Each structure stands twice: as structure tokens, then as C-alpha cells.
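Heads up, the thing below is written out as C-alpha cells.
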Amino acid sequence: MVDYSRFISKVASNIKASEIRELLAIIRGRKDVISFAGGIPDPALFPRKELAKIAGVVIEKYGDNALQYSETKGIIEVRETLSDFLARKREIHADAEDIIITSGSQSALDIVSRTLIDPGDIVITESPSYLAALGAFKMNGAKLIGVKIDENGMRTELLEEKLKQLGDDVKKVKFIYVIPVGQNPAGTTMNKERKKHLLEIASKYDLLILEDDPYSYIIYEEGAETASLKSLDKEGRVIYMSTVSKILAPGLRIGWIVAEKELIRRFEIVKQYVDLHSPTLNQFIVAEAIKTGLIDDVVQKAMPYYKAKRNTMLEAIKENFPDYVWYSKPIGGLFVFAYVYKNGFDAGGLLEKAVKQYKVAYVPGGSFHPEGDGVNSMRLNFSYPTHEQIREGIARLAKLIRES
Ligand code: PMP
């Protein structure tokens with residue numbers, strides 16, 4: 001047999017498998033284990049019948065165009081529909097030429113990284129932050145600097161300190177990556193002052209901001225602060241990205257980036273060599289789902305549905321967890337994040353025991369922390385498990401925390 005190791009690139013050799021995906025593979029199909037490890041929508045919210053109908057309509061209406069290769073930036077009618085959608089939902093006023101459609105927002109992370117990062121450049125992220133984004137930045141050679149968060153999002157006073165400490169190296173910082181609403185994994189949301197401060201800092205140090213916004217379309221508290229950074233950006237510093245994964249169906253793999261035309265053109269050229277274009281049929285389906293109000297319907301259903309699950313999880317945590325556990329209280333998103341302030345608590349080290357003995361799974365928080373801390377943390381998903389599983393699973397987890 002061939003020894004393949006000499007053929008594998010340095011980049012591929014250095015990346016670690018995603019802890020979450022490996023873990024999900026192990027516990028998949030094990031009915032006795034209650035899992036808070038996923039990050040996926042509840043399929044009960046997938047509008048199956050309506051999507052089947054729309055797919056039929058789209059193929060009939062657009063004929064061969066729906067099944068043919070299409071423009072790298074995305075189909076113009078679809079980008080126009082997205083332009084209206086973003087103005088209505090997020091107060092982002094971008095014309096179709098400021099938008100590029102991507103294959104999910106994961107592909108947007110990859111394209112932005114390939115376009116902006118040279119090996120040795122610095123990307124600043126929240127700590128903790130979205131694992132697969134950290135992976136995409138690292139794969140492109142970025143060095144990561146994490147800025148701690150609290151319940152109001154990235155602590156921008158710490159961001160400024162870190163930038164000052166960098167001295168001349170501040171020129172190597174390409175962008176600051178933030179998930180302002182319903183953050184993954186922390187479940188936190190940035191307040192107005194922090195957003196303003198972040199934009200001021202970006203301006204002062206001449207930096208770009210990458211705003212990842214998959215969760216703000218579904219919000220659990222009326223009046224919550226959810227304005228997009230892009231809608232507040234007067235200098236063209238914010239690169240905005242989002243996806244239909246949480247408001248329609250992740251399997252469609254449709255996301256988008258909004259930025260100044262000059263950047264969009266760069267992303268377009270990179271995308272030509274990444275995947276030519278995103279799935280034509282799915283783009284038409286998404287546009288039709290927007291125009292017919294299907295996405296609005298899913299959002300309307302998802303809000304009370306996930307809010308109830310979030311409430312069940314927060315109530316169960318309040319009842320069961322010892323008081324040395326700090327946990328977030330999300331107004332959006334799919335996650336509660338917890339730090340266990342007990343000497344030597346190692347969520348990663350305990351996971352096997354949790355699964356085998358306590359029959360409960362979570363994602364250890366360490367790998368969400370770009371600087372290697374956070375071993376005492378865990379991410380708990382509430383969108384996928386049932387109410388009963390949430391109550392029972394949290395009780396099991398509380399037992400593990402107390403007994404470890
Ligand atoms: N960014 C964040 C913050 C996410 O939570 C996710 C999905 N879990 C993604 C990006 C990727 O989403 P998509 O399905 O659009 O690739």
C-alpha cells in the first residue's frame with residue numbers, strides 16, 4: 001500500500017479534525033445519550049411541502065436556466081431579491097452588485113479568508129468564537145488573537161488594549177471577526193455602545209470587520225438590540241455575511257456576502273476557482289421562498305418554538321446547576337455557553353465519562369478559544385433536543401459537574 005503522508009500538504013497535515021463533527025459521528029444513532037452537542041435546526045421547522053412545491057414551480061418557471069451553470073456572483077434576480085430582503089430585515093441598503101451569493105456562509109468564510117489573509121497575518125476574533133471560522137482563518141495561515149466577551153459581546157476595551165500591544169504589527173491585522181447577535185458558541189449579543197466602539201476602533205486603526213450574522217433573523221425577546229454592524233457602517237469597513245441555514249434549510253447551502261463593490265469583485269474572482277458558482281436551482285428556490293413569504297413564515301414559527309426550548313434549558317440550568325457555573329442567557333441563536341468555575345474542571349477530559357456514564361453529550365469549549373484557554377467551558381445546544389430531553393439532560397449534566 002502507498003504511504004500517503006508525503007503527499008499531504010503542510011496545511012492539510014496541520015489542521016485538526018473538527019471536534020464537533022467527530023463527536024457527532026460517535027454519538028449519532030445512540031438513543032440512550034442525550035446530546036447538546038449539535039448545532040443544527042430542528043427539522044420539525046423545515047417547510048417540506050412548501051419547498052417541494054417551490055422546487056417544482058422553479059423548474060417549470062425558469063426551465064433550463066434553473067438547471068444550468070450560472071453567474072459566479074449569483075443569479076441577478078436572486079441578488080435583487082436578497083437586496084430587498086436585507087433592506088427589510090436588517091436595514092442593510094445594498095444593491096445587487098454589492099452582494100455575492102456563496103455556498104453557505106462557511107464558503108463565505110473561506111472566500112473572504114483566501115482573499116484577505118496572507119500567511120502570518122493576524123485575525124482578531126471574539127473568545128470564544130465559531131470553531132469553523134477559526135479553522136478557515138487558520139487554514140489560510142492567519143495567526144489568531146482572541147478578545148474576551150461578556151454578556152454584551154466582545155469587550156472592546158480589551159480589543160483596543162490588544163491592538164496597542166501589537167505596536168507596528170497592527171498592520172498585520174486584516175480583520176476583526178464578530179458574530180454580534182446570538183453568538184456561536186457563547187449565546188451573547190453585542191450592545192449598542194460596544195458596536196459603536198468597535199466601529200470607531202476599526203476606523204482609528206484602519207481595519208476591516210467581518211460580521212457573521214446567521215442568527216439575528218430569529219429573536220426571542222422583543223426590543224432586543226439586534227442592529228447589524230453593516231447598517232451602522234459609514235466607511236465601508238464591514239463585510240457582512242449570512243445564510244438561509246437557520247431560517248429555511250441548511251442543506252440548501254445558500255449564503256451571501258455584502259460588501260463594497262471593489263471587495264465583491266475580488267471575492268468573485270476567488271470564487272471562480274473555488275466552486276464556479278453556488279447551486280443554481282437552490283438560488284432560485286431561496287428567492288422564491290423569500291418572495292412568497294415562506295421564509296417569513298418559518299421565522300414566525302421558529303421564534304416561539306426555539307424560545308420555548310431556550311426557556312426550558314435556562315430553567316433547568318437554574319434549578320440544577322451549582323452556583324459556581326456561569327452561563328449565558330441568549331436572546332437569539334441556538335446555544336447556551338457555560339463556564340464551570342471549579343478547580344481543575346476539564347470539560348474535554350470529562351466528555352467520555354459524560355457520554356458513557358452519564359449519557360449526556362456537549363461540546364467542550366476549549367477549541368472555541370483561539371488562545372487555548374476555556375478548558376472549563378462547554379457549549380449546550382437547545383434547538384435540536386426535545387423539552388423532555390433538555391430537562392433530563394441538564395439534570396444529568398448537573399450531576400456530572402457536581403460529582404467531578
Ligand atoms: N457562522 C456561524 C456563526 C455559524 O453558527 C454557522 C453554522 N453553524 C455558520 C457560519 C455556517 O453556516 P452555513 O450553514 O451557512 O455554512
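The values are calculated or read from the model by the stated rules, or taken from the named source; none is laboratory data. Remember, it's a predicted structure, so these values are computed and weren't measured experimentally. Counting neighbours? That spans all protein chains shown, and the Cβs are built from the backbone with ideal geometry, glycine included.
If you take just the helices (runs of 4 or more DSSP H) that sit entirely in the stretch 1-62, which of them hold at least 2 residues that are over 21 Å from Ala302 (Cβ atoms) and among the β-branched types (Val, Ile, Thr)? Walk me through it before giving the result.
Working: elements: 10-14, 19-27, 48-62.
Where helices (runs of 4 or more DSSP H) fall fully within the stretch 1-62 and carry at least 2 residues being over 21 Å from Ala302 (Cβ atoms) and among the β-branched types (Val, Ile, Thr), they are 19-27, 48-62.
Being at positive phi and crowded, with 20+ Cβ neighbours inside 10 Å is the filter here, so list the residues in the stretch 324-373 that pass it.
Correct list: Gly333 only.
Looking only at the stretch 146-155, how many residues end up being surrounded by 22 or more Cβ atoms within 10 Å (Cβ to Cβ) and not small (Gly, Ala, Ser)?
Going residue by residue through the stretch 146-155, those that are surrounded by 22 or more Cβ atoms within 10 Å (Cβ to Cβ) are 146-147, 149, 153-154.
Filter once more, so that each one left must be not small (Gly, Ala, Ser): 147, 149, 154.
Number of matching residues: 3.
Out of all the residues in the stretch 68-117, which are within 16 Å of the ligand (Cβ to nearest atom) and on the phi > 0 side of the Ramachandran plot?
Answer for the stretch 68-117, where residues must be within 16 Å of the ligand (Cβ to nearest atom) and on the phi > 0 side of the Ramachandran plot: Gly74, Gly104.
Report the residue count in the stretch 36-56 for those that are surrounded by 15 or more Cβ atoms within 10 Å (Cβ to Cβ) and more than 20 Å from Ala132 (Cα to Cα).
We begin by selecting, within the stretch 36-56, every residue surrounded by 15 or more Cβ atoms within 10 Å (Cβ to Cβ); these are 36-39, 41-42, 45-47, 50-51, 54-55.
Checking the rest, the ones that are also more than 20 Å from Ala132 (Cα to Cα) come to 42, 45-47, 50-51, 54-55.
Total satisfying the criteria: 8.
Could you give every pair whose Cβ atoms fall below 7 Å, whose first residue belongs to the stretch 312-323 and is in the same structural domain as Ala338 (by TED's automatic domain parsing), and whose second residue is assigned to a helix (DSSP H, G or I) and charged (D, E, K, R), counting only separations of at least 6 or pairs across chains?
Close Cβ pairs satisfying both conditions: Thr312/Arg391; Ala316/Arg391; Pro322/Arg402.
Only one residue in Ile75, Ile59 is surrounded by 17 or more Cβ atoms within 10 Å (Cβ to Cβ) and among the aliphatic types (A, V, I, L, M). Which one? Step through it out loud before you land on a result.
Numbers: Ile59 fails: surrounded by 17 or more Cβ atoms within 10 Å (Cβ to Cβ).
Criteria check complete, one pass: Ile75.
Modelled with pLDDT of 95 or more, within 23 Å of Ala66 (Cβ to Cβ), within 19 Å of the chain's Cα centre (by Cα) and exposed (fewer than 15 other Cβ atoms within 10 Å of the Cβ): is that true of Gly251 in this structure? Give the derivation first.
Numbers: modelled with pLDDT of 95 or more: yes; within 23 Å of Ala66 (Cβ to Cβ): yes; within 19 Å of the chain's Cα centre (by Cα): yes; exposed (fewer than 15 other Cβ atoms within 10 Å of the Cβ): yes.
In short, yes.
Could you pull out the residue among Ser129, Ser113 that is assigned to a loop (DSSP other than H, G, I, E, B), in the same structural domain as Lys195 (by TED's automatic domain parsing) and in contact with a helix residue (DSSP H, G or I) (Cβ under 8 Å, 6 or more places away or on another chain)?
Details: Ser113 fails: assigned to a loop (DSSP other than H, G, I, E, B).
Unique residue meeting the criteria: Ser129.
Restricted to the stretch 132-165, and to residues that are in contact with a Phe, Trp or Tyr (Cβ under 9 Å, 6 or more places away or on another chain) and part of a helix (DSSP H, G or I), which residue is nearest to the ligand (Cβ to nearest atom)?
Per the criteria, the residue is Ala133.
So which residues in the stretch 167-186 are touching a helix residue (DSSP H, G or I) at 6+ places or on another chain (Cβ under 9 Å) and in contact (Cβ under 8 Å) with a residue 60 or more places away in the chain?
Just the residues of the stretch 167-186 that are touching a helix residue (DSSP H, G or I) at 6+ places or on another chain (Cβ under 9 Å), to begin with: 170, 172-180, 184-186.
Hits for the stretch 167-186 are Phe175, Asn184, Pro185, Ala186.
If you go through the stretch 162-185 one residue at a time, do you hit one that is surrounded by 22 or more Cβ atoms within 10 Å (Cβ to Cβ), polar (S, T, N, Q) and either within 20 Å of Asn376 (Cα to Cα) or modelled with pLDDT of 95 or more (or both)?
The answer is yes, given that some residue of the stretch 162-185 is surrounded by 22 or more Cβ atoms within 10 Å (Cβ to Cβ), polar (S, T, N, Q) and either within 20 Å of Asn376 (Cα to Cα) or modelled with pLDDT of 95 or more (or both).
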